[in-house]
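The values are calculated or read from the model by the stated rules, or taken from the named source; none is laboratory data. Just so you know, these numbers come straight off a predicted model, no measurement behind them. Note that we place each Cβ from the backbone using ideal geometry, even for glycine, and neighbour counts take in every protein chain shown.
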């Protein structure tokens, strides 16, 4: 007999928990108008293949093995026909662009681009390249053609003999479709080409520098500043890879290209001039980051320093950068800027020196040379120092000691942490000295693209505003990521060839940046759960070991003193091997010998489902560090380390001891104590409110100008309970207030994934009340209300 469908049951709406938010008088703290900015680094194909509107990949034929094993001058290109494609270097367009190709017809050379070129009838592009007509009759042509051969757009290439000549031609789409650019050389013609570019034209026929939809998404963030070019990109992997701004300005064919720190190629088509123009377009001040005279420490052999005898030239380069941005046309580099098409200065006000550096004597000496020179020659520029890659640890502590001793005005802190960490650290800046350096939270994110992470960031940002007398600047990172081309997640904006995918974190950043206040107000919360969500004490669990990227032999395994080897596999690889089960206090010992591969091992204790656990990583980051990680809610954090270590050596055994004593975790390797850490069991504060005010000018009924405060109230509800919120404002109890609220709600804490559009989007509505207002705050939601007395 047929089975009847069960009647649909609507989930019960949880009853609202009362929450009272009392906004008091101003605390005397004011928020810096530059607080919210963005950080643009060429990571995750953010520039080439991203914000850069260029559609040709490897148009300079400069890709090489240094970028990535297996890459070369013809990476991104494919050919067909009976002719030949030859790579040449003997007579280049410019020494900085040393490789080109010779096409011996009949041949077609097709560029795969970053994805297919989307064409709609009427679309136009500018093809720009250098060509040398070597011999033979006929003319080359260029087409945008679909995979089935259907031509979407085409043009001829008028070439001449006698050396390199620039060839410019426009193409217009005659039909809709998607295709690739192909250069066609007929039989008998031999043609050399280089610096091949295809860029879209706007409605006025201007060549686009930036991809319009990504540019629009950045503009919608309303940033006050733009940090560039790094991050690790600024100081590079080795001195030869350090980012030198002068190599990135001028005509494209003279710019020096290099391998990208993140494992691909940097064309530097978006160089310093384009960066400054981007800032101007966004209405933001530039914040260049320059190396402090040392390269990135994440290099085998650690950081290397510019020799002291070369530092004077390097310091002058930094001063020249400021002159290029701010100098008048009567200065050397101001004149160069004008020559490149921008007579007016860009108004640079911040300069970062260093990024996540180890605080060594070499760093200190070189940082001082750069900072002192900038202070002497450009006192209008605020120099930003650095305090290591994490919000704790030796470099963080040493960085702050050095910064305070040197009187550094602003110090760059980074925090890629779990949502739990952010909720536990809302009071982080409450106790910072008010008479020391201010803070720039230059890179931060709550590890995932979920709603949980976005709301944890919102709670933390409320705390940053509350401490506006200490926290001067902040920027989420990374900013951009091309789907399928990422080295790091989470990211604020994902994109492919035709779509821009805004994340929940993007909507949070936008809400803070677009609705700002000046004066910080005292806020009191009353209601169930506002004191915090208790964190369960450490309870032990299943012991496992794995060796991603390696094969590691196991021997002499003991758990709490009892030998466990008889029932265990003899080796571990990518898949975890279970060693046993322990309680809150335990001792795990084993001997590990790598038998193959190039990486290290991971030893864990935690829940059966692995959502909550501690991880000991021996041989992390290219098998040269050890670290202690903690994973909560399936999201991992490094809580101690990474610290330098020689790494696992194939065939050489190491003895590992992991000891837990409740929340205290210690790790020994060959008898050396590598980690000693106490797990953070403080409660998470998930219901958070902040309030600011700003002066609003208006004209009364009599036509007289008047000023009154407008309040910006932020409410975070990172809990499973709906909240019936009453917000009392510092106005008379009978005063009528009205305004608008923007609410981000409608999804669960685990909704949202990298490479997907946000599961929630802001919804605006009006509100009003007497003496304040009432609002229903759904579970896992964020609201920003802007109201004023009427």
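Condition (residue is within 26 Å of residue 493 (Cα to Cα), out of contact with any strand residue (DSSP E or B) (no Cβ under 7 Å at 6 or more places or on another chain) and touching a residue at least 12 places away in the same chain (Cβ under 8 Å)) applied to segment 702-720: is it met by at least one residue?
Yes, some residue in segment 702-720 is within 26 Å of residue 493 (Cα to Cα), out of contact with any strand residue (DSSP E or B) (no Cβ under 7 Å at 6 or more places or on another chain) and touching a residue at least 12 places away in the same chain (Cβ under 8 Å).
Kindly list the number of the only condition in (1) buried (at least 21 other Cβ atoms within 10 Å of the Cβ); (2) without any contact (Cβ under 8 Å) to a residue 24 or more places away in the chain that fails for residue 665.
(2)
Of all residues in segment 188-209, which are in a loop (DSSP other than H, G, I, E, B), within 36 Å of the chain's Cα centre (by Cα) and closer than 27 Å to residue 94 by Cα?
Step one: filter segment 188-209 for residues in a loop (DSSP other than H, G, I, E, B), giving 188-189, 202-206, 208-209.
Cutting the leftovers down to within 36 Å of the chain's Cα centre (by Cα) gives us 202-206, 208-209.
Listed by number, the residues that qualify are 206, 208, 209.
Residue by residue, here is whether (1) touching a residue at least 24 places away in the same chain (Cβ under 8 Å); (2) surrounded by 21 or more Cβ atoms within 10 Å (Cβ to Cβ) holds:
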| residue | (1), (2) |
| --- | --- |
| 163 | yes, no |
| 170 | yes, no |
| 186 | yes, no |
| 200 | yes, no |
| 203 | no, no |
| 206 | no, no |
| 219 | yes, no |
| 227 | yes, yes |
| 233 | yes, yes |
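Evaluate the following for residue 509: is it outside any loop (DSSP other than H, G, I, E, B) and either within 19 Å of the chain's Cα centre (by Cα) or modelled with pLDDT of 95 or more (or both)? Outline the logic, then answer.
Working: outside any loop (DSSP other than H, G, I, E, B): yes; either within 19 Å of the chain's Cα centre (by Cα) or modelled with pLDDT of 95 or more (or both): yes.
Criteria met by residue 509.
Here is a yes/no grid of residues against (1) touching a strand residue (DSSP E or B) at 6+ places or on another chain (Cβ under 9 Å); (2) at pLDDT below 95:
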position: 211; (1), (2): yes, no
position: 218; (1), (2): yes, no
position: 221; (1), (2): yes, no
position: 226; (1), (2): yes, no
position: 237; (1), (2): yes, yes
position: 247; (1), (2): yes, no
position: 253; (1), (2): yes, no
position: 263; (1), (2): no, yes
position: 266; (1), (2): yes, no
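For segment 62-97, how many residues meet the condition of being within 13 Å of residue 110 (Cα to Cα) and buried (at least 16 other Cβ atoms within 10 Å of the Cβ)?
7
Test residue 446 against the stated conditions and say whether it is outside the structural domain of residue 756 (by TED's automatic domain parsing) and in contact with a helix residue (DSSP H, G or I) (Cβ under 7 Å, 6 or more places away or on another chain).
On the way: outside the structural domain of residue 756 (by TED's automatic domain parsing): yes; in contact with a helix residue (DSSP H, G or I) (Cβ under 7 Å, 6 or more places away or on another chain): yes.
It is true that residue 446 is outside the structural domain of residue 756 (by TED's automatic domain parsing) and in contact with a helix residue (DSSP H, G or I) (Cβ under 7 Å, 6 or more places away or on another chain).
Looking only at residues that are touching a strand residue (DSSP E or B) at 6+ places or on another chain (Cβ under 8 Å) and in a strand (DSSP E or B) in segment 668-680, which one is surrounded by the most Cβ atoms within 10 Å (Cβ to Cβ)?
Just the residues of segment 668-680 that are touching a strand residue (DSSP E or B) at 6+ places or on another chain (Cβ under 8 Å), to begin with: 668-671, 673-680.
Narrowing further to those that are in a strand (DSSP E or B): 668-669, 673-678.
Working: 668: 16, 669: 17, 673: 11, 674: 20, 675: 18, 676: 13, 677: 17, 678: 14.
Restricting to residues being touching a strand residue (DSSP E or B) at 6+ places or on another chain (Cβ under 8 Å) and in a strand (DSSP E or B), the top hit is 674.
Taking the residues in segment 427-437 that are surrounded by 15 or more Cβ atoms within 10 Å (Cβ to Cβ) and under 17 Å from residue 27 (Cβ atoms) as candidates, determine which candidate is farthest from the chain's Cα centre (by Cα).
432
Would a scan of segment 554-574 turn up a residue that is more than 30 Å from the chain's Cα centre (by Cα), farther than 25 Å from residue 660 by Cα and surrounded by 14 or more Cβ atoms within 10 Å (Cβ to Cβ)?
No, every residue in segment 554-574 fails to be more than 30 Å from the chain's Cα centre (by Cα), farther than 25 Å from residue 660 by Cα and surrounded by 14 or more Cβ atoms within 10 Å (Cβ to Cβ).
Among the residues of segment 299-326, what is the count of those that are at negative phi and not in a helix (DSSP H, G or I)? Show your work before the answer.
So the first thing to find is which residues in segment 299-326 are at negative phi, and the list is 299-300, 303-326.
Filter again for not in a helix (DSSP H, G or I), leaving 299-300, 303-307.
Going through segment 299-326 one residue at a time, the tally reaches 7.
Evaluate segment 476-492: report whether one residue or more is touching a helix residue (DSSP H, G or I) at 6+ places or on another chain (Cβ under 7 Å) and within 18 Å of residue 31 (Cα to Cα).
yes
Identify, from the list 730, 683, the residue that is touching a helix residue (DSSP H, G or I) at 6+ places or on another chain (Cβ under 8 Å) and either surrounded by fewer than 20 Cβ atoms within 10 Å (Cβ to Cβ) or under 30 Å from residue 537 (Cβ atoms) (or both). Walk me through how you get there before you give the answer.
On the way: 730 fails: touching a helix residue (DSSP H, G or I) at 6+ places or on another chain (Cβ under 8 Å).
After ruling out the rest, the residue left standing is 683.
Could you say whether any residue in segment 695-712 is closer than 30 Å to residue 534 by Cα, crowded, with 20+ Cβ neighbours inside 10 Å, at pLDDT 95 or above and out of contact with any helix residue (DSSP H, G or I) (no Cβ under 6 Å at 6 or more places or on another chain)?
Taking segment 695-712 first, the residues closer than 30 Å to residue 534 by Cα are 712.
Adding the requirement that they be crowded, with 20+ Cβ neighbours inside 10 Å leaves 712.
Subsequent filtering for residues that are at pLDDT 95 or above retains 712.
The next check asks that each one be out of contact with any helix residue (DSSP H, G or I) (no Cβ under 6 Å at 6 or more places or on another chain); those that pass are 712.
Yes, some residue in segment 695-712 is closer than 30 Å to residue 534 by Cα, crowded, with 20+ Cβ neighbours inside 10 Å, at pLDDT 95 or above and out of contact with any helix residue (DSSP H, G or I) (no Cβ under 6 Å at 6 or more places or on another chain).
Please verify whether residue 403 is in contact with a strand residue (DSSP E or B) (Cβ under 8 Å, 6 or more places away or on another chain) and closer than 29 Å to residue 491 by Cα, treating the condition exactly as stated. Explain how you work it out, then say what you get.
Working: in contact with a strand residue (DSSP E or B) (Cβ under 8 Å, 6 or more places away or on another chain): yes; closer than 29 Å to residue 491 by Cα: no.
No: the conditions fail for residue 403.
Which of the residues belonging to segment 644-662 are touching a residue at least 60 places away in the same chain (Cβ under 8 Å) and farther than 19 Å from residue 680 by Cβ? Even if it seems obvious, please write down each step before you answer.
Applying the first criterion (touching a residue at least 60 places away in the same chain (Cβ under 8 Å)) to segment 644-662 yields 644, 648, 653-662.
Scanning segment 644-662 gives 644, 648, 653, 654, 655, 656, 657.
Hey, does segment 522-537 have a residue that's surrounded by 21 or more Cβ atoms within 10 Å (Cβ to Cβ) and either modelled with pLDDT under 95 or under 22 Å from residue 223 (Cβ atoms) (or both)? Show your work before the answer.
Kept after step one, since they are surrounded by 21 or more Cβ atoms within 10 Å (Cβ to Cβ), are these residues of segment 522-537: none.
The answer is no; no qualifying residue exists.
How many residues does segment 28-44 contain that are in a strand (DSSP E or B) and buried (at least 16 other Cβ atoms within 10 Å of the Cβ)? Let's see the steps before the verdict.
Here is the first cut: in segment 28-44, the residues in a strand (DSSP E or B) are 28-30, 36-39.
From what is left, the residues that are buried (at least 16 other Cβ atoms within 10 Å of the Cβ) are 29, 36-39.
Here the count works out to 5.
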